[in-house]
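**Q** There's a structure below that I have some questions on.
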Amino acid sequence: MFCKFSSLSLPPYQCEMRMQRDAIIKSAAEMFVEQGIKAVRVDDIARQIGVSKRTLYEQFGDKEELLYQCLSYYAREQDRRHAELGAQAENILEAMLLVFGKVMETAEVGLRLQSNLRRFYPRVYERLMDEHRRQKGLEQFKIALRRGVEEGYFQGGGYLDFDLAITLLRYSVEGLVIRKDVLLSHNMSTNDALVFLVVNFLRGISTEKGIRFIDDFLEKQKAKK
């Protein structure tokens, strides 16, 4: 007898091992995200999940491989949720606003994970960056910007340098989250500052049609609160 796992038919013992591995990755990923990658030890994971350290090492080899699998899973889950959210939008600008709003909610966590990875687990960091580049995440962003131009929401005619725009936005977001010496006025939270940054970035590249849509979108979001 075989069990179905995704598109594969696996013998029961392999299916059970695969299900156990996925359950470990999901639970351990939550621990790394909530507690920080440096704070979580293999002992903590084994105790929390209710498996032996030997099982963890048999499944993953070492903490670095487990960490890589967990954060790769976390990134895929974030991408999946963002895709589902964007699919609900009426146009590309609304999709970007919805997804950016969700991204901002987890931006601080994501960038701190990235910073700690780069510092304490550089090999895992490089593997994840290579994976991100293969998935062409930035290319998807550029495609969205081009669609915005085609739909009349963003300025075209050679005005918008996609690579420069993405680079400036990325480093501005990282600067807000990572640097401790950035002073925010009026007791503004980091998340509020990120929303302000992204909204004004989009307004800066928008046409009059795009600006009207952004303003209407923000008014509707405000009314929901």
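**Q** Would you mind stating whether residue 89 is out of contact with any Asp or Glu (no Cβ under 7 Å at 6 or more places or on another chain), closer than 23 Å to residue 131 by Cα and either surrounded by 14 or more Cβ atoms within 10 Å (Cβ to Cβ) or at pLDDT below 95 (or both)? If you could, list the steps in order and put the result at the bottom.
**A** Working: out of contact with any Asp or Glu (no Cβ under 7 Å at 6 or more places or on another chain): yes; closer than 23 Å to residue 131 by Cα: no; either surrounded by 14 or more Cβ atoms within 10 Å (Cβ to Cβ) or at pLDDT below 95 (or both): yes.
Judged against the criteria, residue 89 is not a match.
**Q** Just give me the residues in the stretch 141-193 being surrounded by fewer than 13 Cβ atoms within 10 Å (Cβ to Cβ), at pLDDT 75 or above, assigned to a loop (DSSP other than H, G, I, E, B) and among the acidic types (Asp, Glu), in sequence order.
**A** Residue satisfying the conditions is 161 alone.
**Q** Now a separate question. Answer yes or no: is there a residue in the stretch 70-84 that is open to solvent by 40 Å² or more (accessible area, probe 1.4 Å), over 23 Å from residue 130 (Cα atoms) and modelled with pLDDT of 90 or more.
**A** Yes: one or more hits.
**Q** Further, regarding this structure: Taking into account only those residues within the stretch 22-54 that are in contact (Cβ under 8 Å) with a residue 24 or more places away in the chain and not hydrophobic (A, V, I, L, M, F, W, C), which is surrounded by the fewest Cβ atoms within 10 Å (Cβ to Cβ)? Write out each step before concluding.
**A** Within the stretch 22-54, the first condition is being in contact (Cβ under 8 Å) with a residue 24 or more places away in the chain, and the residues that meet it are 23-26, 28-29, 32-33, 36-38, 42, 49, 51.
From what is left, the residues that are not hydrophobic (A, V, I, L, M, F, W, C) are 26, 36, 38.
Numbers: 26: 14, 36: 14, 38: 12.
It comes out as 38.
**Q** Further question on the same structure: Name the pairs: first residue in the stretch 97-116 and on the phi > 0 side of the Ramachandran plot, second residue in a helix (DSSP H, G or I) and at pLDDT 85 or above, Cβ to Cβ under 7 Å, at least 6 apart or on different chains?
**A** Partner pairs satisfying both residue conditions: none exist.
The values are calculated or read from the model by the stated rules, or taken from the named source; none is laboratory data. Note that the structure is a prediction, hence the values are computed from the model and not measured. Note that we place each Cβ from the backbone using ideal geometry, even for glycine, and neighbour counts take in every protein chain shown. Note: areas computed on protein heavy atoms with side chains; ligands, DNA, RNA excluded. Shrake-Rupley method; radii C 1.70, N 1.55, O 1.52, S 1.80 Å.
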